[in-house]
Amino acid sequence: MPVRLYHWINAICVAALCITGYLIGAPLAIVNGTEAYFNYWFGTVRFIHFVAAFLFFFNFLFRIYWGFTGNEFSRWYNFIPLKRCQWKEIINVIKVDVLQVTNRQIDSIGHNSLASLIYFITFLIFLLQCLTGFGMYAAMSKAALPKLFAWVVPLLGGDMHVRQIHHILMWGFILFAIIHIYLVFYHDYIERRGVTSSMIGGWKFIEEDVIQRHNDGTEICPKGFKKV
Ligand code: HEM
Ligand code: HEM
């Protein structure tokens, strides 16, 4: 439940941040026929960006915390491939789902190891986006939190560089979201485990023998790999 809540808050924030961020980077000259002084259109865009940014940031902090305290499938050790068997699974997923050179089943109850690694890289990009965003915000805000990030701008070579990094990362988010949503539906269709609805309702279908091996502890990784 906490991961699902985190996920949907995050997805909504990212959508709002990409739309408003794009407009900040390429502002439309909308004046509604009135004197610019009487328009607060661009201010509203920036306001939404900053509200979504704070929500995104605290939601992300919660996910970091949950990676240490949540259930076995949400913990950090799944996301950082330090074990041999995780790398084996990454290669297997590439063979099965990317190259499609073999037709075998990937038995992972949580995210598979390749998905987890990609999510981990995404989390690092979340971090960089927060650093550059709050770094820029430090110069224009009186609040204490953004001020903590004032060191980022000089470290990254000035406002222009920081804005450019922040902007380029937005395209990283858009690219990720397109591929992510495609793959979620692809896996749902191919594996028939209900992965998409599991992100809403919390339930998915796992083969009994996979659960059995998981419960027995005979699968240490715990990601098995069997022929179908
Ligand atoms: C998914 C996350 C985010 C995306 C996609 C995003 C995207 C963008 C983009 C594209 C711009 C315009 C840059 C340009 O081309 O000039 C921008 C500006 C900005 N963003 Fe973000 N942003 C995100 C998160 C954040 C966060 C967490 C903060 C923290 C406060 C933040 C603060 C800012 C600030 C201060 C500006 C400059 C506003 C201005 O000068 O008017 N952003 N953002
Ligand atoms: C219609 C939109 C979306 C759908 C249907 C969707 C669905 C899903 C599903 C089913 C999973 C679990 C997949 C697995 O087990 O590997 C997942 C995980 C994840 N998704 Fe999405 N997603 C959507 C949008 C987004 C967006 C916009 C982002 C952020 C840019 C995002 C970031 C993530 C992350 C970081 C995870 C890992 C969750 C964790 O363990 O913390 N998703 N998503």
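The values are calculated or read from the model by the stated rules, or taken from the named source; none is laboratory data. The structure displayed is predicted, hence computed values, not measured ones. So basically every Cβ, Gly included, is an ideal-geometry build from the backbone, and we count neighbours across all protein chains shown. When the accessible area is computed, the model is the full protein with side chains, heavy atoms only, and any ligands, DNA or RNA have been set aside. Shrake-Rupley method; radii C 1.70, N 1.55, O 1.52, S 1.80 Å.
Tabulated results
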{"quantity": "Helical mean residue ellipticity (222 nm; -39500 (n - 2.57) per DSSP H run of 4+; nearest 500) of the chain", "calculated": "-21500 deg cm²/dmol"}
{"quantity": "Loop GluC sites (Glu not before Pro), the range 24-95 (other Cβ atoms within 10 Å of the site Cβ: 10 or fewer; DSSP)", "calculated": "E35"}
{"quantity": "The range 28-77 - convex hull of the alpha-carbon atoms, volume per residue in Å³", "calculated": "87"}
{"quantity": "Between helix 2-25 and the chain: long-axis angle, C-alpha atoms, 0 to 90°, nearest 10", "calculated": "40"}
{"quantity": "Cα-based Rg of the range 8-99 normalised by 2.2 N^0.38 Å, two decimals", "calculated": "1.70"}
{"quantity": "Neighbourhood charge, 12 Å Cβ-Cβ cut-off, centred on R192 and excluding it, Lys, Arg +1 and Asp, Glu -1", "calculated": "-1"}
{"quantity": "Calculated FRET efficiency for the pair I64/N39, C-beta based, R₀ 45 Å, to 0.05", "calculated": "0.70"}
{"quantity": "Selected from M140, M199, M170 as most flexible by GNM, with the chain as the system and alpha-carbon contacts under 10 Å", "calculated": "M140"}
{"quantity": "Solvent-free Debye scattering, log10 I(q)/I(0), computed from the Cα coordinates of the chain at q = 0.10, 0.15, 0.16, 0.17 Å⁻¹", "calculated": "-0.58, -1.07, -1.17, -1.26"}
{"quantity": "Qualifying chymotrypsin sites (Phe, Trp or Tyr not before Pro) in the range 151-220, DSSP loop, other Cβ atoms within 10 Å at most 15", "calculated": "W151, W203, F205"}
{"quantity": "Highest-fluctuation residue, K204, K142, K88 considered, GNM on the chain with Cα pairs under 10 Å", "calculated": "K142"}
{"quantity": "Hz values of 3J(HN,Hα) by residue in the range 82-99 - Karplus curve (6.51, -1.76, 1.60), Gly and Pro given as x", "calculated": "9, 9, 4, 5, 5, 5, 4, 5, 4, 5, 5, 5, 4, 5, 7, 9, 8, 7"}
{"quantity": "Long-range HN-HN contacts of Q105 with modeled amide H, under 5 Å", "calculated": "K226, V228"}
{"quantity": "With every protein chain in place, the chain: carbon and sulfur % of accessible area (1.4 Å)", "calculated": "71"}
{"quantity": "Nearest 10 degrees, 0 to 90: helix 159-191 Cα axis against the chain principal axis", "calculated": "30"}
{"quantity": "The chain, accessible area per residue, ligands and nucleic acids excluded (1.4 Å, Å²)", "calculated": "62"}
{"quantity": "Of every Cα-Cα pair in the range 65-122, the percent that sits beyond 17 Å", "calculated": "38"}
{"quantity": "Rounded tilt (10° steps) of 113-138 against the dominant C-alpha axis of the chain", "calculated": "10"}
{"quantity": "Close Lys-Lys pairs in the chain, where close means Cα under 17 Å and separation is 8 or more or interchain", "calculated": "8"}
{"quantity": "Contact order relative to length of the range 13-114, as percent, for alpha carbon pairs under 8 angstrom and 6 or more apart", "calculated": "22"}
{"quantity": "Mean Cα-pair separation over length for the range 69-214, i.e. relative contact order, pairs under 8 Å, 6 or more apart, %", "calculated": "14"}
{"quantity": "Given charges at Cβ of Lys, Arg, Asp, Glu: the range 3-159 dipole, positive-most of L156, P81, V101", "calculated": "P81"}
